[in-house]
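Undergrad: What follows is a single structure, and I will ask about it in a moment.
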Amino acid sequence: MGDVLAGFQTVWEFDTDSVLIRFERGIRTPKLLQTLGERRIPYEALSGVELTPGKRGTVVLRAVPRPGADPLMDAAGGQLKEAYDPYRLVLPAERETLADYYAEQIRAVLGPDAGIPAEAYLVTVPQAPLSFKAYDGKASFDGKAISFRWFWTGASSAKWKAGDQRFRIEELTGVEWRSPESRGSAGTAPKEGSAQGGPVAGGSATDAAATDAAAKDGTARNGTAKNGTARNGTGKGSPKGGGHGHLRLLRRSAEDQPAGRPDQDPAAVVFGMGYGLVHQSLPFAAAVLEAIQVSAPVPCAEGAPSPARAAAPRRDPADIAERIRHLGELHTAGLLTDDEFSAKKAELLAEL
């Protein structure tokens, strides 16, 4: 297509096989979108596109991702607020006709598999190394393994006794991410066994009864902790702000074991509104999911060697030249800075 559609805090740049979604930096842009920066979404990763009325004289153009095509959306499991949705483009109502035109253009290029789940991830996520601070520890991912380093001010006695943890990607089957901002999480912890957030196993979202629960409030008494959540007289028994989210690693060795409370599980970190924010923990969870899928063995006939993964196809030089020309137009129009133009041009030339 080669066109650009600019909305509030978001710009969609259409290509022949994908749409590049760029998020502006600014106080009105949610931090998750600022962290993502930009995302290239292949049309084969979409199942459809919607155009609906928005609030206060706006319309919303939303691309609908195929299940299993985007690890970020798989990890989120439907918990993201509308403002955090990276597939939404909000436009002034007077641009509805133009938005409808582009919606039809996207529908026209969707393939025959648009209505079925993707067999592999098609959208890339932030690459390792990644890390974030949770309430009870720091989570780090170097591309090969995830490490949890516990904080004495927040980790439970069970985690402190277990010691710092390190899990290789090969040991994992998926992740379970729960947003501290999801409904029911603010102010009070959900009851044990409540269906708040579910595991994402095997690299795709699954419907499973959530057996996790957030850490219950505990108050330190004489240097000891109630419910095993705080020690050394800190008196801290729950994440800041009352919200209870968590990131749990699903291990092959524990597949048959019931999931316990995340504040007691050495394979999970707990966070709230002030610790392990969505823009830090969700890209982390998505990167781990993608790594798990990439590391999974490729099925092959019994006795035959595992086939090598296919190399990414090289881009057509003519397509690269057209993309650079279009970037130049955006640069001239002031939509790209000098540094952004130079960086994107270098990326395109590297694909030749």
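Undergrad: Exceeding 18 Å between C-alpha atoms, which entries from my cross-link table qualify? They are K31/K55; K81/K138; K81/K133; K133/K161; K55/K81; K31/K345. Walk me through the numbers before you get to the answer.
TA: Details: K31/K55 21 Å; K81/K138 25 Å; K81/K133 22 Å; K133/K161 20 Å; K55/K81 15 Å; K31/K345 26 Å.
In this structure, K31/K55; K81/K138; K81/K133; K133/K161; K31/K345 exceed 18 Å between Cα atoms.
Undergrad: Then there's this: Applying 1/(1 + (r/R0)^6) with R0 = 35 Å to the Cβ-Cβ distance of A343 and Q257, what FRET efficiency is obtained, to the nearest 0.05?
TA: On the way: r = 47 Å, r/R0 = 1.33.
That gives a FRET efficiency of 0.15.
Undergrad: Next question. Counting other C-beta atoms within 10 Å, which of E13, E255, E181 has the fewest, and how do the rest follow?
TA: On the way: E13 22, E255 9, E181 18.
So the ranking, lowest neighbour count to highest, is E255, E181, E13.
Undergrad: What is the Cα coordinate range of region 4-123 on the first, second and third principal axes, sorted by size from largest, in whole angstrom?
TA: Largest to smallest, the principal-axis extents are 38, 30, 23 Å.
Undergrad: Let me ask another. Rounded to two decimals, what is the ratio between the C-alpha radius of gyration of region 141-180 and 2.2 N^0.38 Å?
TA: Scaled against compact globular proteins, the figure is 1.33.
Undergrad: Between D142 and Q127, what length in nm is gained on full extension when 0.36 nm per residue of separation is reduced by their alpha carbon distance?
TA: 4.5 nm
Undergrad: Counting Lys +1, Arg +1, Asp -1, Glu -1, what net charge surrounds L172 among other residues with beta carbon under 10 Å of its beta carbon?
TA: Within the 10 Å Cβ shell, the charges total +1.
Undergrad: Taking Cα centroids, how far is region 84-108 from region 125-174 in Å?
TA: 40 Å
Undergrad: Given a Förster radius of 35 Å and the C-beta distance between A296 and E38 as r, what FRET efficiency does 1/(1 + (r/R0)^6) yield to the nearest 0.05?
TA: 0.80
Just so you know, all these numbers are worked out from the coordinates, no wet-lab data involved. Model, not experiment: these values are computed from the prediction. Cβ: placed from backbone, ideal geometry, glycine included. Neighbour counts: every protein chain shown.
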